[in-house]
Amino acid sequence: MSTDTLVRPDVTTDDATDSDTPKFFHYVKKNKIAESAVMGTFVQALCGEVFPVTRSPKPGSPVCEDCKKIYEQMKRD
């Protein structure tokens with residue numbers, strides 16, 4: 001299994017504010033990001049969430065805690 005991942009966005013929006021800003025960003029396989037962004041295909045995050053890549057995270061963006069824990073575990077192995 002490759003550990004080549006990047007932080008990418010979930011498409012979950014904040015329904016309370018009608019904002020299209022993602023609540024947090026996920027880790028997904030790096031080689032799937034461009035295809036998803038261009039073709040609109042769905043990617044699967046380390047935590048299991050499935051979504052199309054629609055946004056790029058900015059420094060300091062909130063990260064999915066489940067993805068972060070899984071990624072840290074992969075780095076130790």
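Within the range 46-66, residues that are touching a residue at least 40 places away in the same chain (Cβ under 8 Å) and under 17 Å from Lys30 (Cβ atoms) have Cβ atoms under 7 Å from residues that are surrounded by 14 or more Cβ atoms within 10 Å (Cβ to Cβ) and of a type in the set (S, T, N, Q) in these pairs: Leu46/Thr5; Pro52/Ser36; Val53/Ser36, counting only partners at least 6 apart in sequence or on another chain.
Residues that are surrounded by fewer than 13 Cβ atoms within 10 Å (Cβ to Cβ), out of contact with any strand residue (DSSP E or B) (no Cβ under 6 Å at 6 or more places or on another chain) and at pLDDT 90 or above are absent from the range 8-23.
Taking only the range 54-73 into account, find how many residues are at pLDDT below 90, surrounded by 13 or more Cβ atoms within 10 Å (Cβ to Cβ) and not small (Gly, Ala, Ser). Within the range 54-73, residues that are at pLDDT below 90, surrounded by 13 or more Cβ atoms within 10 Å (Cβ to Cβ) and not small (Gly, Ala, Ser) number 3.
The values are calculated or read from the model by the stated rules, or taken from the named source; none is laboratory data. None of the values given here were measured: they were computed from a predicted structure. Ideal geometry is used to build each Cβ from the backbone, glycine not excepted, and the neighbour counts take in all protein chains shown.
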